[in-house]
Amino acid sequence: MLGNKILDELSSQIKAVSTEADLTALWHKYLGREGIIKAQIKALAQLPLEEKRQQGPLWQQIQEQAQALFDTELLKLGQLMKKLLGKLKLNL
């Protein structure tokens, strides 16, 4: 399914992120107003009603999973920054 492919791509791209700015840019690419996942959700409006009922919850779940990936990585980056700042203070 396309949604799983998008999540796999997102997951590998998130692993390569090293700054909060990079993570934010990636978030906009996938979940921003014009993002990849948002575009798929907007495209649901063009589907017949029965397909919307099937696809809608799936894309909602994909959106939630993508947000969870971002939240987890943001938490990791925050912890890393705290460690770096702690080391920096010790060296001063």
Lysine pair number, Cα distance threshold 16 Å (strictly under), segment 2-91, separation 8 or more or different chains = 9
Which one is right for this structure if Cα extents along the principal axes in Å is calculated from it: (1) 64, 18, 16; (2) 59, 40, 19; (3) 46, 45, 27?
-> (1)
With the 8 Å Cα cutoff and a minimum separation of six or more residues, segment 1-78 has a relative contact order in percent of 39 percent
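Where a number appears in this text, it was derived from the coordinates with a stated rule and is not lab data. If you're wondering where the values come from, they're calculated on a predicted model, not measured in any experiment.
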